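Trainee: Just dropping this structure here.
The values are calculated or read from the model by the stated rules, or taken from the named source; none is laboratory data. Only a predicted model underlies this, so the values are computations on that prediction, with no experimental measurement involved. When we count neighbours, we look across all protein chains shown, and the Cβ atoms used for this are built from the backbone with ideal geometry, even at glycine. Areas reflect the complete protein model, heavy atoms only, side chains present, ligands, DNA and RNA absent. Shrake-Rupley method; radii C 1.70, N 1.55, O 1.52, S 1.80 Å.
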Amino acid sequence: DIFGAMECQGSLVNKVNKKLLSGICVLMAVCQLIALFLGHFLSDLFCKSHPMSDERFLGEILAMVIFFGLGIRLIVKAIRNERIEEHLEMNLGIRRFVRLASVSSLYTILAGIAFGFIGTNVAILVMIVVVTIAFVIGGMYTGYHWGFTSKTVVYAVGAILLWIAGLDVLLQRVLSIF
């Protein structure tokens, strides 16, 4: 989602402002970290307030549903393929990226809840920061050089990865096959 959004923004600029891009990287990474922590906290809160023998199983089912649901959301975005009017923006400004960070953080909260339910280590945060920064930079430069046309492919790949995660939870944790 972040890559696609940044690709659209990159298609609007005449030159990538590296100072602004650095600020965007920090903003997006911090928002993703906060959202992931919040989601993990909410899953812990749920597990503590509903002590049952099947809480782990229920959490794994919810994690699987979240991964599949987020994947479906990305496929819908790919199918819709909303067009943007490519026109030169002299200054993108940081405000539009605050909105993008806020929207993507809502879905990261859900992913954080899923990670919390399946017991993912909080060390994943380092990976989230690195991947977020890579997607911000990669998306911006992809949009700058080639426009926003590949965002549908990016959404489809993201959906497939989320479905693989959901399938992994289903097979390994819910059905205990592997």
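Trainee: Ranked highest first by average number of other Cβ atoms within 10 Å, how do 107-118, 63-74 line up?
Mentor: 107-118, 63-74
Trainee: Pairing the Cα long axis of helix 95-117 with the longest principal axis of the chain, what angle in degrees results, from 0 to 90 and rounded to the nearest 10?
Mentor: Helix 95-117 sits roughly 20 degrees off the main axis of the chain.
Trainee: I would also like to ask the following. Treating cross-link reach as a plain straight distance, find the lysines whose alpha-carbon is under 23 Å from the alpha-carbon of K77, omitting any fewer than eight places away in the same chain.
Mentor: K151
Trainee: With θ set to phi - 60°, apply the Karplus curve 6.51 cos²θ - 1.76 cosθ + 1.60 along segment 32-46 and write out the HN-Hα couplings as whole Hz, x wherever there is a Gly or Pro.
Mentor: With coefficients 6.51, -1.76 and 1.60, one gets 5, 5, 4, 5, 5, 4, 4, x, 4, 4, 5, 5, 5, 4, 4 Hz.
Trainee: Report, to the nearest 10°, how far helix 151-168 tilts away from the longest principal axis of the Cα atoms in the chain, using its own Cα long axis and a range of 0 to 90°.
Mentor: Once rounded, the angle reads 10 degrees.
Trainee: In debye, nearest 20, what is the charge dipole magnitude of the chain about its Cα centre with +1 on Lys and Arg Cβ and -1 on Asp and Glu Cβ, if you could check?
Mentor: The calculated dipole for the chain is roughly 440 debye.
Trainee: Please give the helix 55-80 orientation as an angle from the longest Cα principal axis of the chain, in degrees from 0 to 90, rounded to the nearest 10.
Mentor: Tilt relative to the chain: about 30 degrees.
Trainee: Same structure, new question: To the nearest 500 deg cm²/dmol, what mean residue ellipticity at 222 nm is calculated for the chain from DSSP H runs of n ≥ 4 alone, each contributing -39,500 (n - 2.57), summed and divided by the residues?
Mentor: -25500 deg cm²/dmol
Trainee: Moving on. Per residue, how large is the accessible surface of the chain? Use a 1.4 angstrom probe and give square angstrom. Don't skip to the answer; put the middle values down first.
Mentor: On the way: 10020 Å² over 178 residues.
Per residue, the chain has an accessible area of 56 Å².
Trainee: Something else about it: Provide the FRET efficiency to the nearest 0.05 for the D44-Y141 pair, computing r from the beta carbons and using R0 = 35 Å.
Mentor: 0.40
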